[in-house]
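A.B. asks: Mind having a look at this structure? Questions to follow.
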Amino acid sequence: MIPKDIIRKIKRIQITTNRKVTDLFAGQYQSVFKGMGMEFDEVREYNPGDEIRSIDWNVTARMGHPFIKKFVEERELTIMLLLDVSMSCRYGTVNRMKSDIAAEICSILAFSAIKNSDKVGMLTFTDHIEKYIPPRKGTKHVLRVIREALYNQPEGIGTDLNNVLEYLNRVATRRTITFIISDFFCEDYKKLLSITNKRHDVIAVSISDPSESVLPDAGLVKIHDAETGQEKVIDTSNASIKKAYQKNSIGINDKNKNIFKSVSVDNIDIQTDRSYEAPLMRFFRMRERRIVRR
């Protein structure tokens, strides 16, 4: 049975994110994600000014005068949410944990999708696949997605992006728009991310906490790695240790950004100490400008 505090969270997220979708994101979503291609509609007689490349030569030969193939945009999309539920995502030192922000972002994207009659599916993952929710439409289905984002009890603790990308490529036979919501504490995923981005439109949503890049001055502190279980005591007042900690964090962040750029995956950078609305809006505007330039 779902705890009462989780039920209250689900209701709160439903109300707040639904309002944000109505006020901010629904129009942006529709203008950016307009359909994954064109599908055949009908054959009609050629009119002056029609594209010659659209002529159906078989029908033209039978009828004795030109006919063209008419296509319409394939409007219905499938949105896949790949949600990292590893132990490192259950962390936060400011207002909320990374996992809470991830759940709200999933809700924003899911409600935006169903308002445009698109399907939404979800894959939760750690170092293995935790749960797969097949894409469907409707508010009831979105509430299930939100519930799973908030109330998941994963068996794994680490992060394996290769595993979830392989699984996505097996279950998603048609092209999807896939959002990976994670802190990307993972190694050697570049090759499979590149393969997946050729089959799907992949967007990386990176969530980080400020303490992951700046070590607080708190003297001797025992550090516990949530994903590996390793523990060690460090002196947080030691300047060289603080510098090495920051350098390592910057290195991980730069590595991930370089991977996204090299395989043409868009990245939305979210931080726990700031609103996620502005980065999401920047992403939608950037995508919109890209479409206009085409």
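A.B. asks: Rounded to a whole number, what % of the accessible area of the chain do carbon and sulfur atoms account for, probe 1.4 Å?
C.D. replies: Heavy-atom surface of the chain belonging to carbon and sulfur, 1.4 Å probe: 51 percent.
A.B. asks: Of 276, 46, 167, which is the most mobile in a GNM of the chain whose springs link Cα atoms less than 10 angstrom apart?
C.D. replies: 46
A.B. asks: Still on this model: Could you work out the relative contact order of the chain, using alpha carbon pairs under 8 angstrom and six or more residues apart, expressed as a whole percent? Display every interim value, and only then the final one.
C.D. replies: On the way: 474 pairs, mean separation 52.5, N = 294.
Relative contact order, the chain: 18 percent.
A.B. asks: For residue 205, list long-range residues whose amide hydrogen, built 1.01 Å from N in the peptide plane, is under 5 Å from its own amide hydrogen.
C.D. replies: Here 180, 181, 182, 268 satisfy the definition.
A.B. asks: Quick query: amide H of residue 131 versus all other amide H atoms, modeled in the peptide plane; which residues come in under 5 Å with a sequence gap of 5 or more or a different chain?
C.D. replies: Counting only residues 5 or more places away or on other chains, the set is 124.
A.B. asks: Sticking with this structure for a sec: For a protection proxy built on the mean count of beta-carbon atoms within 10 angstrom, sort 262-270, 172-180, 50-58 highest first, please.
C.D. replies: 172-180, 262-270, 50-58
A.B. asks: Can you list residues whose amide H is under 5 Å from residue 80's amide H, if they're 5+ apart or on another chain and H is modeled 1.01 Å from N?
C.D. replies: Long-range HN contacts for residue 80: 121, 177, 178, 179.
A.B. asks: Name the residue from 151, 107, 89 whose Cα lies farthest towards the positive end of the charge dipole of the stretch 81-171, charges +1 on Cβ of Lys and Arg and -1 on Cβ of Asp and Glu.
C.D. replies: Farthest towards the positive pole: 107.
A.B. asks: Also, I was wondering about something else. Using the heavy atoms of the protein chains and a 1.4 angstrom probe, tell me the accessible area per residue for the chain in square angstrom.
C.D. replies: 54
A.B. asks: Quick one: Karplus J couplings for the stretch 272-286, per residue in order, coefficients 6.51, -1.76, 1.60, θ = phi - 60°, nearest Hz, x for Gly and Pro?
C.D. replies: Going residue by residue, I get 5, 9, 9, 5, 7, 5, 4, x, 5, 5, 4, 4, 4, 5, 4 Hz, with x marking Gly and Pro.
A.B. asks: Could you derive backbone 3J(HN,Hα) for the stretch 248-262 from the dihedral phi with the Karplus parameters 6.51, -1.76 and 1.60 (θ = phi - 60°), listing whole Hz in sequence and x where the residue is Gly or Pro?
C.D. replies: So the J values, rounded to whole Hz, are 5, 5, 4, x, 5, 5, 5, 4, 5, 4, 5, 5, 4, 5, 5.
A.B. asks: Give the label of the value calculated from the structure for Cα extents along the principal axes in Å, choosing from (i) 88, 42, 33; (ii) 43, 42, 39; (iii) 60, 55, 37.
C.D. replies: The calculated read-out lines up with (i).
A.B. asks: Further question: What does the charge count near residue 81 come to, summing +1 for each Lys or Arg and -1 for each Asp or Glu among other residues with Cβ under 14 Å from its Cβ? Walk me through the numbers on the way to the answer.
C.D. replies: Working: positive: 119, 131, 136, 144, 147; negative: 84, 104, 118, 130, 148, 201.
Net of charged neighbours comes to -1.
A.B. asks: Once phi is turned into θ = phi - 60°, what whole-Hz ³J(HN,Hα) does the Karplus curve with 6.51, -1.76 and 1.60 give for every residue of the stretch 173-190, x standing for Gly and Pro?
C.D. replies: 7, 10, 4, 10, 9, 10, 9, 9, 9, 7, 8, 6, 7, 8, 10, 6, 10, 4
The values are calculated or read from the model by the stated rules, or taken from the named source; none is laboratory data. Every value quoted in this text rests on a predicted model; they were computed, and no experiment measured them. Every residue, glycine as well, gets a Cβ built from its backbone with ideal geometry; the counts of neighbours run over all protein chains shown. Accessible surface areas use protein heavy atoms only, side chains included; no ligands, DNA or RNA. Shrake-Rupley method; radii C 1.70, N 1.55, O 1.52, S 1.80 Å.
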